[in-house]
Amino acid sequence: MEHPEDIVLGRDGLIIELGGRRGLLLPQVATEWGFDRATFLAEVSRKAGLPPDAWQLPAARLWSFQAEVFAEGEEGE
């Protein structure tokens, strides 16, 4: 990911990789927990077992992705 400021909360999920550790947060996590962008980035770092500012390190690799989210019991199934 070139620019973390391009992350759209609720649309983008995040993956971080650094030093053999990886963390992933689904797109809906940010909206369900009321995260702002900085918190979302910090929490994906923590999910990987890294310090909250690890996403800013030059060696950190950060990807965004979009997902189709389905819920059980929706009408029309």
What helix-only [θ] at 222 nm does the chain give? Using -39500 (n - 2.57) per DSSP H run of at least 4, over all residues, to the nearest 500, the answer is -6500 deg cm²/dmol
Once R0 is set to 35 Å, what does the formula 1/(1 + (r/R0)^6) return for the Cβ-Cβ distance between residue 57 and residue 26, expressed as a FRET efficiency to the nearest 0.05? 0.90
If you project the alpha carbons of region 1-48 onto their three principal axes, what span does each projection cover, largest first, in Å? 28, 22, 14
Give me the angle, in degrees from 0 to 90, between the Cα long axis of helix 37-47 and the longest principal axis of the Cα atoms of the chain, rounded to the nearest 10. 80 degrees
Phi-derived 3J(HN,Hα) across region 4-11 with the Karplus relation (6.51, -1.76, 1.60, θ = phi - 60°), rounded Hz, x for Gly and Pro, is x, 5, 7, 5, 9, 5, x, 9
As an exercise, identify the chymotrypsin sites (Phe, Trp or Tyr not before Pro) in the chain lying in DSSP coil whose Cβ has no more than 12 other Cβ atoms within 10 Å. 70
So, relative contact order of the chain in percent, Cα under 8 Å, 6 or more apart, is 35 percent
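Quick note: the coordinates plus some simple rules give every number you see, no bench work behind them. Here the structure is a predicted model, which is why all the values come from computation and not from measurement. Note: ideal-geometry Cβ built from the backbone for every residue, glycine included; neighbour counts use all protein chains shown.
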